[in-house]
Amino acid sequence: MRQIPSALLATTALAATLAVPALNPTAPRPTGTARHGDSRPATSPPPDTRERTDAPAPHPTGSKTGTKTGTTARETSSAPPPRSPTRSPRAPSAALPSGPCALPGAFPGTLTGVSEAAATPRGFTRANGRVRALTVLVDFPDVRAGISPRARYGEFFPAVPRFFRQSSYGRLDYRSTPVLKWIRMSRPLASYDIGRGTSFNPASKNGYYAVAKEIVRAVDRDVDFRAFDLVNVLVTPNAGPPATKNVWSVTFSGGPLGLRTGDGTQLRNVSFIWSRQTGPSAYRVLNHENAHSFGLPDLYFTDGRADPHPVGHWDPMDVDWGPENDFLGWHKWKLGWLAPDQVDCVSRPGSVTTHRLTPAAAPGGTKIAVIPVSRYRAYVVEARRTGPLDPTACRPGVLVYRVSTDTPSGRGPVRVADATPKSAGCYRKDPNVRAGLTDATYRPGQTFRAAGITLSVLEDSSSGISNTSNASDTFRVRITTPKRR
């Protein structure tokens, strides 16, 4: 993070294709419905022949390697799997947020749970370097899977790690190791009393704790949980309601869940994925849920309002349906995906600074400018242009949004400023996209004002809309801060 003290500033690896290794024996949504999974604190084709676990195995003891032959497959990765459960050294990564623009948490929930606070509490999974996920698949005696484990797993991999690698500019090396068999639960689905909002309660014989306990017993003999940072549970897609009616997918993150494995590991950071979402990149529900394990909150409103999307398709923590969409620059900073010199901190009162921002779709360059307006709030400025993870960015320009660390998850902690509030939007060909915000970006000649800040977009170097000649793909902006907060 680079702090900009005064008047002038001008600043000047992509995803690897991950192939699934050989595996061992594996409509537009209606409006007004629940659409996303929740983040909850830790305290709260034709059918194929399939391997199954019809009853929980005895709880094992003894030493294990990370996985054993015949039960789990190799990691989904572009590199060979490790030979032991010892984690590999982290890949070169950017520094985590620091300095006057790294907003602190404002209340107990932001100190222990998901939030927009720059610092992520202990207990969550780090989001840079190598991250290992254990992925298991479950069905029920009354709702048996109609596809192979490999087919269900293939709905998410290798797309999920490829997305993370590209969005993080190569700083997140996400490895998934699947248990390629259907683990059949011991009871009918309804007997677990699972629905939207179900807790992970060790005192209950039902709910997610009961499901997780059976999963651990089924795989504990062959899996060393110490080798993994998080757990994905892919439920057979025919169990539970369709995602177009009610989304059950959920993540329990941030601390121990009260369930210990045979190797002494406390289970934590677990995502359950139900049904299937709609659109060309439905796998992103897992990116969304895993991001809760990294500490990110839900950006959409959970209070049932008619328009629950204050960010729209500008970040998958608001909308993970339909076409792909990249993370906001603030989230990339929080997750450790930006180097210090890619963040301009504009914290000096009464300053006038000029910044060149490179679009999120391109590696390198300055990604965000942060203007704090109070202890818990800041305006963030970044450039967005059509790219592999931003196909809906139909109006290339400068995105402005307010981050509030004193606003909890599900209550709109991020709000995008709409440069064209009376417009119907410029991307209207997919009902999964909130079209009205697709042209929210500011273009050269437009000015944003709020909280005493004036931000003017001066130049789009790639379009020829400019007062200067510059060949680099940047947007140049001028920021004037108030003399006092």
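Values quoted throughout were computed directly from the atomic coordinates according to the rules given, and no laboratory measurement underlies them. Computed from a predicted model, the values in this text were never measured in an experiment. With ideal geometry, Cβ positions are generated from the backbone for all residues, glycine too; neighbour counts draw on all protein chains shown.
Observations on the model:
- Whole-Hz Karplus values for the stretch 341-354 come out as 7, 9, 10, 9, 9, 9, 10, 7, x, x, 9, 10, 10, 10 Hz, taken residue by residue from phi with 6.51 cos²θ - 1.76 cosθ + 1.60 and θ = phi - 60°; glycine and proline positions read x.
- The order of the peptides 413-425, 178-190 by mean Cβ neighbours within 10 Å, most packed first, is 178-190, 413-425.
- When only alpha carbons are used to place a centre, the stretch 176-237 and the stretch 245-293 end up 10 Å from one another.
- Karplus (6.51, -1.76, 1.60) ³J(HN,Hα), θ = phi - 60°, over the stretch 187-193, in Hz, Gly and Pro reported as x: 10, x, 3, 4, 5, 7, 6
- Packing, as the average of other Cβ atoms within 10 Å across residues, places the peptides 375-387, 438-450 in the order 375-387, 438-450, highest first.
- The stretch 310-330 and the stretch 126-142 have Cα centres lying 22 Å from one another.
- Between Ser462 and Arg221, the contour length at 0.36 nm per residue exceeds the Cα-Cα span by 81.1 nm.
- Distant-in-sequence amide contacts of Ala383, defined by a placed amide H-H separation under 5 Å and a gap of 5 or more residues or a different chain, comprise Ala360, Leu399.
- Amide H within-cut-off set for Leu259, under 5 Å, with H built and near neighbours excluded: Leu267
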